[in-house]
Every structure is written in C-alpha cells, then in structure tokens.
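Below is one structure, written out as structure tokens, with a few remarks after it.
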Amino acid sequence: MAVQAMKIALAGNPNVGKSTIFNALTGSRQHVGNWPGKTVEKKEGRLRLQGQDVIVVDLPGTYSLTAYSIEEIISRDFIINEQPGAVVAVVDAANMERNLYLVTQLLELEVPVIVALNMSDIARGRGLTIDAAKLSNRLNGAPVIEMVGNSGIGIDALKAAIQAVTVPDGTAAVHIGYDSALEREIAPLAQAISAIPELVRQYRARWLAIKLLEADSDITQRLAAYPALLEAAEAAAERIENATGDDAETLITDGRYAFIGTVISGALTRPREAIETTSDKMDRVLTHRYYGVPIFLLLMWVVFQITANVSAPFLDWVDGLVGGPVTNWTVGLLGAVGLSGTWFEALLVDGVIAGVGGVLVFVPVLMSLYLAIGVLEDSGYMARAAFVMDRMMRAMGLHGKSFLPMLVGFGCTVPAVYATRTLENEDDRKLTGFLVTFMSCGARLPVYVVIGAAFFGASSGNLIFGMYLLGIAVALLTGWALKRTVYRNKPPQPFVMELPPYRTPRVRDVWRQTWERTGTFVRKAGTIILATSIVIWLLMAIPTNSSGSFNDVAPEDSVFGTVAGTVSPVFAPAGFGDWQASGSLITGFIAKEVVVGTMSQIFVGEAEEEGVEEPAPTFVEDAVGIGTSFLEASVLTVQEVVNIVPRTVNIIPGVNMGEANFLGAGGEEDDTTALESALNQAFTPLTAIAFTVFVLLYTPCMVTVAAMRHEFGTRFMFYQIVYTFVIAWLAAVIVFQGGTLLGLGG
C-alpha cells in the first residue's frame with residue numbers, strides 16, 4: 001500500500017525569499033495554477049525525503065492572517081481546511097519583529113511551525129546576532145533554521161526539520177497571554193464555541209474566539225448561522241472597550257507584539273550603532289527624490305530596448321520558421337494524403353498556422369520582457385519603483401502602494417485588477433482598478449513590436465517605450481481628473497512599505513519565472529487564440545452574397561469582412577477606417593494577443609493572394625536554412641545586446657556613438673516578416689502610430705472586463721468600457737489629424 005504524501009506549506013511576508021526556498025526544495029517538480037475559484041497564483045511542488053513523498057505548497061505572501069486581502073484569506077483557509085503536517089514560516093532575519101507577527105498567528109492556529117530565518121547573511125552584515133537555540137526554546141521547541149536561501153545554505157537543515165515532523169499534533173501549542181480584560185472574555189467565548197460540534201471540527205476554539213473579538217469580517221460572515229455566538233462576541237468586545245478604553249483588535253495586536261518582544265529578548269543582540277548596508281547606500285541614489293524617477297525611466301527604456309531590439313533576430317527566425325518550413329511541410333503532408341487545395345488545407349494554413357503562428361512569433365519578445373523584469377524583481381529594485389513613484393501617485397489622490405497593481409498590469413491586467421485588494425481603502429481600490437487598464441499589458445506588446453519593426457526598424461524600441469509612457473501619462477491625467485471630481489473629498493492615505501535588500505539575481509530563479517510566464521502565453525495561444533483563429537477563418541470563408549462560395553470568397557465580401565466594414569467608418573477620423581483594421585480591433589476584445597493573429601490572417605493572406613507563387617524549397621534546403629538562420633539570429637542577438645550601450649548613450653544630444661554590425665553593413669535591413677511587409681502596404685507611419693495608440697488605450701479584453709465586474713460591479717464595468725473606448729478614439733484621432741495638419745503624412 002502506497003504511503004500517503006505529507007503536505008507542508010510555506011508562509012511568509014512578501015520579499016523574504018520564500019519563492020527562492022520553494023524552488024530550492026522542489027527544483028523542477030512544480031505545478032503552477034490558480035487557487036480554486038481565485039485568480040491568485042498557486043504553486044505546488046514535490047520533495048522526496050528518505051522515501052517519503054512531501055507536497056510543498058507555496059502560500060501567497062502575506063503580512064498577517066487577518067482577512068484584509070484575498071491572499072490572507074487563502075493562506076488561512078489552506079491551513080485550517082487542509083491541516084498541513086507543518087508550516088515553514090520564512091522570516092527575514094534582519095527584520096524579525098515584523099516577520100514574527102505572522103509566526104504568532106500561525107502558532108495560534110496550533111499547527112507545527114518551522115521557522116526559517118532567511119537572509120541570515122544580511123542580518124549579520126547589519127551587526128545582528130541571533131541565538132537560534134534560544135529562539136527555538138522561547139517558541140516551545142519549534143525548530144529554528146538559519147538560512148541563506150539564494151546560496152543554498154540551510155536547505156539541508158530545513159529538509160531534516162521537515163523530515164522530523166511526522167505527527168500534526170505533536171508540537172505543544174504556544175499560549176500567547178493577552179491583557180486580563182481580554183482573557184476574561186476569551187475563556188467563556190471559547191467554551192461556548194467548544195459546545196458547537198460543527199465549529200470544533202473545523203476551528204480551534206481559542207483561535208476562533210480571538211477572531212470573533214477582532215471582528216474579523218470573513219469569520220463573522222462564515223458564522224452568520226450562529227447569531228447567538230456573534231451577539232455574545234459583540235457584547236464581549238463592548239465590555240473590553242468599556243474596561244480598557246481600547247478596542248479588542250488593538251489590544252490583541254499589542255499582546256502579540258508583547259509576546260514577540262519576550263521571544264526575541266536575549267535571542268537577538270543588536271549593535272550599539274546601526275550599520276549602513278550596501279542597500280542603504282544604493283537607496284540614497286536609486287530612491288532619491290529628484291533623480292530616482294529619471295533612473296527608473298532610464299531602466300524602463302533599457303528594458304524596452306531589450307524587448308524590441310534584442311529579441312528581434314529570433315522573432316524573425318521564428319516567423320521564417322512558421323511561414324516557411326512549417327507551412328511548406330504542412331502543405332506537402334496534406335498533398336501526400338490527397339487534401340491539397342481543400343477547405344481543410346485552408347483551415348490549417350490560413351486559419352491555425354496564420355493565426356496561432358502569427359502570435360507565437362512573438363514568444364522571443366515576451367521572453368525578453370519577462371527576463372528583464374525578472375532580473376529587476378529578483379534584484380529587489382521593483383519594490384523601489386513603487387516608492388519612487390509615490391510622489392507622482394499623490395497627484396492622483398493615491399499613494400505608492402497603488403503603483404504595485406499597476407506594475408502587475410504591465411504583465412497582465414487581470415491579476416492587476418485583483419491585486420487592488422491589497423489596498424485597504426475602498427476608494428483607492430476603485431480608482432486604482434480604473435487606472436490599471438492603461439498600463440500596457442504584455443498582450444499588447446506584439447502589436448507595438450510588429451508595427452515598430454515595420455515602420456521604424458532599429459528605432460522600434462522608442463515606439464514601445466513611448467507607448468508605455470503614454471499609458472502612464474493617460475492614467476495620471478485620468479487620476480488627476482477623477483481626484484478633482486468623483487473623489488474630490490477623499491482624504492490622503494499614508495504609505496508604508498518594506499523595501500527588501502538588494503541582491504544578485506539568481507539565474508535559475510529568473511529563468512524559471514520567465515519560463516512560467518511565457519508558458520502561460522503559449523498555453524493561451526493553444527486555447528483561446530486557436531479557437532478564435534478558427535472562428536475568424538470560418539467567418540472569412542462564408543460569403544454574404546452570391547459572388548462567392550465557401551472558402552472561395554473575397555475577404556471583404558465574407559461575413560467577417562462585412563461586419564468589420566460596417567463599423568469601420570467609426571475609425572475613419574483616426575486614419576484606419578478600413579475593414580481589415582476594424583476587424584483586428586473587434587477580435588482584440590477577446591484577447592489582445594488575437595489582434596496580431598487576426599492581422600496576420602487578413603493582411604498576409606491578402607498579400608499572398610496578390611503575390612507571385614514561388615516554388616517551395618526542398619526538405620533539405622529547409623533544414624539547412626533553419627540551422628543557418630538560427631546561427632545568424634544568435635549572432636545578431638549578441639550584436640543587439642552590445643548596441644544597447646550606444647543607443648542609450650546616443651539619447652544625449654550631440655552624441656553619436658557608432659553601433660556594432662557583426663554581419664556587415666545592411667546585413668539585417670531587408671529581413672522583415674511577412675506581416676510587416678503587408679502592413680507597409682496597408683498603413684502609413686502616421687496611421688500606424690494612431691492604430692498603436694488606439695490598441696494601447698481601448699477597452700481591455702473580456703477576461704479583464706469580467707474581473708472588473710466581479711470586483712467593482714456592473715456599473716463600474718460599463719463606465720470603464722465606455723471611458724477607455726472614448727479616450728482611445730480621441731487619442732488616435734488627435735494623433736492622426738494633428739500629424740496630418742503638421743504635414744507628417746496621412
């Protein structure tokens with residue numbers, strides 16, 4: 001009979017290195033999904049210890065287990081409902097007092113706790129001395145392991161501690177003593193809870209009594225079926241406040257910090273004078289009130305240079321692979337089985353390969369973006385971005401903490417909407433949720449890249465950077481306007497944030513994060529984009545009049561072309577009032593990635609119909625071409641990395657540093673994708689920019705809209721849809737009409 005796997009959980013504050021320890025424990029044996037019914041990411045891995053299979057669950061980073069955010073509720077519910085064999089509490093050794101607050105709440109749940117004192121090297125660098133044995137003794141014998149997670153120090157000791165945990169109730173509960181007025185009310189309330197079998201089976205009586213006295217909203221809602229118990233808790237809380245002058249929640253918090261003070265007294269020795277760390281010295285420059293923002297913008301500019309230019313050679317390679325050998329081999333295989341020239345061939349080539357393949361071409365672009373952002377996140381800089389942007393956010397009536405959901409929005413808007421739950425103030429949540437859609441998500445990036453490469457070549461990075469800046473600017477202006485109208489009476493909120501220490505990014509962790517995020521994009525290409533591509537092909541194959549037949553109809557006379565042509569006049573003032581552009585924007589409501597796939601199906605398909613068919617290369621020629629073009633793309637990638645330096649320096653007026661050209665002058669000038677070539681025929685540079693601006697600002701995808709409705713209500717969702725469409729249309733019209741008046745071409 002197989003031995004059932006033991007389950008343990010990793011808990012800890014944000015930025016304490018919890019994910020690093022999770023990766024060190026589980027390696028590549030990980031599964032990434034979502035918590036049931038939630039959009040919060042769930043990471044689960046497996047660990048083998050002396051023949052025992054251990055499931056490791058990485059809980060969301062939280063500062064406490066009070067129901068202030070969805071992450072806290074998820075973590076608490078998992079511990080209560082799943083009853084893991086142990087909880088590994090990852091603690092920042094350099095900030096023990098704050099981090100031990102979460103540990104006290106875990107101890108109150110009466111689960112076995114292993115304390116992992118991570119970043120012990122940083123604590124020593126600050127002159128702190130920690131007596132792990134004494135700390136363990138104060139915590140009733142809970143194992144305390146000193147660790148340096150990113151160096152692997154302490155991982156073996158942690159595994160040994162996990163191995164030693166065999167009986168869930170084998171650790172004696174730690175009793176946290178509270179104010180006498182509190183204790184007088186906790187005891188009878190716990191006794192009343194103990195008399196209810198349904199509650200005793202799920203909760204610890206003392207813990208639940210404390211939660212009721214705290215007036216925990218989530219617990220109160222769950223116990224709505226026990227009105228007598230809720231009334232008793234409310235009456236007890238009133239008696240406590242009358243007796244002490246403070247509410248029960250404040251007294252409970254004070255009691256926990258008093259317990260923490262007792263625990264660390266004698267176990268933590270501080271230096272007589274605070275030691276200035278390397279992180280402190282770096283923060284004096286990187287978070288400076290005057291040049292902190294320019295440094296942030298410069299780093300973002302470099303990120304988009306990497307995204308646009310460093311990824312370009314492999315973008316061209318993947319495009320050549322999809323549009324050449326993959327298409328040729330598919331056509332050849334179908335011809336061998338007698339399906340050449342059939343609707344099935346058109347479906348595969350013009351629908352699936354053109355649609356999905358047209359999106360997969362941009363995998364190198366997204367990998368470059370996620371790699372660059374991963375380095376900034378793992379180094380500890382991204383947390384500083386919120387701090388640096390605090391003054392700018394104040395102009396919108398928000399604070400730096402609201403910038404964190406916006407940073408998430410640069411990856412995907414859906415989790416950014418849900419990330420607003422970390423904001424305590426309801427008005428802050430709604431205002432931030434209204435603005436995150438203007439942060440350009442990764443799904444919009446392929447549109448910028450293909451238009452930038454088609455019309456601006458090596459300067460396409462400037463277009464991408466400009467789009468991200470424009471999104472931020474529109475968010476700032478919108479927030480400023482809302483602050484003076486809808487939210488004019490909203491008082492300013494304080495901003496407190498913990499900055500993690502700077503550290504050298506770990507290649508393995510950054511690569512794993514990049515791979516997971518890119519994998520999510522690829523999986524979407526295999527599902528929603530595949531389905532959309534097939535539907536678009538079908539609609540383009542069905543005629544609306546007698547001038548054609550199924551799969552033999554002019555695109556503009558198809559169902560898709562007719563519908564797109566009906567709405568196209570709306571976009572005429574913006575310069576792209578044709579059915580092709582309108583159709584691409586319509587499908588973009590499903591998912592912004594689909595815009596490029598649709599453009600590829602429409603524009604490339606038309607170009608191929610008008611072009612002269614050339615004889616297909618042989619299999620050997622294709623294979624040789626794949627290999628040589630891969631080597632060429634590798635060389636050009638190194639070249640583009642080198643050229644980041646001169647392109648950055650050349651921002652300075654009057655400076656013109658030469659750029660590297662490894663393959664000789666003009667070696668890559670003519671290397672454009674099929675879609676880029678087709679767009680050059682359909683757009684002018686001015687209309688292309690106007691189209692890009694519209695894509696940046698218009699109504700977010702349907703999943704984001706659904707998230708908006710779920711979080712903020714139907715009315716808020718409709719306001720958002722109308723506002724973003726109107727703003728996008730106005731901005732695109734201003735760009736096109738203004739450019740035309742200035743003689744920049746129409």
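The values are calculated or read from the model by the stated rules, or taken from the named source; none is laboratory data. All values reported here derive from a predicted model rather than from experimental measurement. So basically every Cβ, Gly included, is an ideal-geometry build from the backbone, and we count neighbours across all protein chains shown. Ligands, DNA and RNA are excluded from the accessible area calculation, which covers all protein heavy atoms including side chains. Shrake-Rupley method; radii C 1.70, N 1.55, O 1.52, S 1.80 Å.
Under a 5 Å amide H cut-off, with hydrogens placed 1.01 Å from N, residue 145 pairs with 115, 116, 117 among residues at least 5 apart or on other chains.
I'd like the GluC sites (Glu not before Pro) in the range 496-581 restricted to DSSP loop residues with at most 16 other Cβ atoms within 10 Å, sorted by number.
Working: sites: 498, 516, 556; in loops: 498.
Here the sparse-neighbourhood loop sites are 498.
Computed over protein heavy atoms with a 1.4 angstrom probe, the accessible surface ordering of 7, 43, 281, largest first, is 281, 7, 43.
Relative to the present Cα-Cα distance, how much length would full extension add between residue 295 and residue 631 at 0.36 nm per residue of separation? Stretched out fully, the residue 295 to residue 631 stretch lengthens by 117.5 nm.
Over the chain, dividing the summed -39,500 (n - 2.57) contributions of all DSSP H runs of at least 4 residues by the number of residues returns a 222 nm mean residue ellipticity of -17500 deg cm²/dmol. Based on Cα contacts under 8 Å between residues 6+ apart, the range 6-165 shows a relative contact order of 24 percent.
Between amide H atoms placed 1.01 Å from N, distances below 5 Å from residue 49 occur with 54, all of them 5 or more places distant or on a separate chain. For the range 6-165, the spread of Cα coordinates along the three principal axes comes to 45, 38, 26 Å, biggest extent given first.
Of all aspartates and glutamates in the structure, the ones whose alpha carbon falls short of 14 Å from that of residue 430, not counting any fewer than 8 places away in one chain, are 711.
Rounded to the nearest Hz, the phi-derived 3J(HN,Hα) couplings of the range 679-694 under the Karplus curve 6.51 cos²θ - 1.76 cosθ + 1.60 (θ = phi - 60°) are 5, 4, 7, 8, 10, 9, x, 5, 5, 5, 5, 4, 4, 5, 4, 5, where x marks glycine and proline.
When you restrict to C-alpha pairs under 8 Å that are six or more residues apart and normalise by the size of the chain, the relative contact order lands at 11 percent. When the alpha carbon coordinates of the range 221-363 are projected onto the principal axes, the ranges are 88, 55, 33 Å, largest first.
Measuring only protein heavy atoms, the 1.4 Å probe finds residue 97 accessible over about 60 Å². Annotation: residue 279 carries an accessible surface of approximately 10 Å², with a 1.4 Å probe and no ligand, DNA or RNA atoms counted.
Ranking 689, 529, 145 from most to least accessible surface, computed with a 1.4 Å probe over the protein chains only, gives 689, 145, 529. Among 286, 107, the order of accessible area from largest down is 286, 107, computed with a 1.4 Å probe on protein heavy atoms.
Can you tell me the relative contact order of the range 180-269? Whole percent, Cα pairs under 8 Å, sequence separation 6 or more.
Over the range 180-269, the number comes to 27 percent.
Solvent-accessible surface (1.4 Å probe) assigned to residue 413 amounts to roughly 10 Å².
Around the amide H of residue 7, modelled in the peptide plane, lie the amide H atoms of 55, 85, all under 5 Å away and 5 or more residues distant in sequence or on another chain.
Of the cross-linked pairs 7/134; 7/401; 42/592; 42/134; 159/401, those separated by over 30 Å at the C-alpha level are 7/401; 42/134; 159/401.
Extending 7 Å from the Cα toward the beta-carbon at both residue 651 and residue 280 defines two label points whose distance is 3.0 nm. Of the two radii for the range 180-269, the radius of gyration is 1.04 times the Kirkwood radius, both from the alpha carbons; that is the Rg over Rh value.
Sorted by packing (mean other beta-carbon atoms within 10 Å per residue), highest first, where do 468-475, 45-52 land?
Values: 468-475: 19.1, 45-52: 13.6.
My ranking of the peptides, most packed first, is 468-475, 45-52.
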